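Before any comments, here is the structure.
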Ligand SMILES: [Zn+2]
């Protein structure tokens, strides 16, 4: 057994405490989604953050703050431990002195989703689930396909229209079952629920699965660790369903409770022009409306009506975060800049973070001296079909 400080799952609606060894991922009383709770008072006295830093590993260095009780259930493919890179050129070009990139593309399947796939599939092994279904623009499915394949857990991917070829190739090669959804993430969610009922699967979708948030919160831990156990002023997050922002908020809340950092960073939300329910709700103060025709080259940003949207807006307000939207043309330009000026070939959803930063700078929301971290979520090698026009530009 491990020495995890997990206590239980707490309902984000009614507060009901539920056993984390149950396979029900939603509240048994009210159906709301849940989050893991730890004994942070005891953890603060028992865990030495400097020893964790000295161990030079990845995600599971933080296993005492992760939700798996049985060490034998942990499935790691050496995810996490990704670098926080200081900007070489782009920061200066924006007049910023402390811009950093959290390069999450350096994970086993090429994206940040490996953090959450590792925690989810490990917990699935511990609780002996029969199979998993997940709606995803692609990265999440690729990650779950790899981890479920190794774990011997059947995995059904529900992929959204527009997923890149490389992501579908990953599904096929890792051995997942690929269900292609028609329409938006709302219809895809319906298909996932039907598959879950028919096959007795766990629906790992956002935000109902607390174990995804647990994996991703470690990205926040790593950012603080890389800054010498300090919070940055802000973290710019390309956003679809908002699990990333929820996870960073949870991560920094825990770090503050542990006494490892002394403040919360502002969490900024970047969405696509055609799919902006969270940014619109933040701007207008009105209830969140769904996107009618979500369509962007950044397929990872397309969640038409995210269930946790109102919670994400609340986090933006509490942390002093801002929201803005970006166009496909801005994303394309940012993608080239990151490749040519920083050596970082990232997917369009990641480039949206830089495009969004430009907008936030132009809107006067970010000061010159602020320490800013951009979340670069995945590899540009996932969507090479979008980059083929550059071949023609260099030919001959
Ligand atoms: Zn509840």
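Given Cα pairs under 8 Å that are at least 6 residues apart, what percent is the relative contact order of segment 193-322?
Values: 211 pairs, mean separation 31.8, N = 130.
This gives 24 percent for segment 193-322.
At 4 °C and 1.567 mPa s, grab the translational diffusion coefficient of segment 147-282 from Stokes-Einstein with a Kirkwood Rh over Cα pairs, rounded to a whole number in µm² per second.
Rounded to a whole number, D works out at 76 µm²/s.
Only Cα pairs under 8 Å and 6+ residues apart enter the sum, and on that basis the relative contact order of the chain stands at 17 percent. Along the Cα-to-Cβ line of residue 88, 7 Å from the Cα, sits a label point; which residues in segment 102-138 have backbone N less than 18 Å from it? Zone members listed by number: 102-106. List the relative contact order of segment 259-396 as a percent without decimals, with contacts defined as Cα pairs under 8 Å and 6+ residues apart. That works out to 23 percent. The label point for residue 128 and the one for residue 69, both projected 7 Å from the Cα toward the Cβ, are 1.4 nm apart. Of the peptides 149-158, 32-41, 120-129, the order by per-residue mean of other Cβ atoms within 10 Å, starting with the highest, comes out as 120-129, 149-158, 32-41. Counting 0.36 nm for each residue step from residue 369 to residue 385 and taking away their Cα separation leaves a gain of 2.0 nm. Between residue 199 and residue 23, the contour length at 0.36 nm per residue exceeds the alpha carbon distance by 61.9 nm. Using only alpha carbons, segment 1-125 has a radius of gyration to Kirkwood radius ratio (Rg to Rh) of 1.06.
Note on residue 394/residue 292: beta-carbon distance plugged into 1/(1 + (r/R0)^6) with R0 of 41 Å gives a FRET efficiency of 0.60.
Label sites at residue 361 and residue 8, each approximated as a point 7 angstrom past Cα along Cα to Cβ, lie 4.9 nm apart. Translational diffusion of the chain was estimated from the Stokes-Einstein equation, with Rh taken as the Kirkwood radius over Cα pairs; at 4 °C and 1.567 mPa s the coefficient is 62 µm²/s. Each DSSP beta bridge with both residues in the chain is either parallel or antiparallel, and the antiparallel ones are about 35%.
Every read-out reported here was derived from the displayed coordinates using simple, explicitly stated rules and does not represent laboratory data. In this text, all values refer to a predicted model and were calculated from it rather than measured experimentally. No Cβ is skipped: glycine too gets one built from the backbone with ideal geometry, and neighbour counts run over all protein chains shown.
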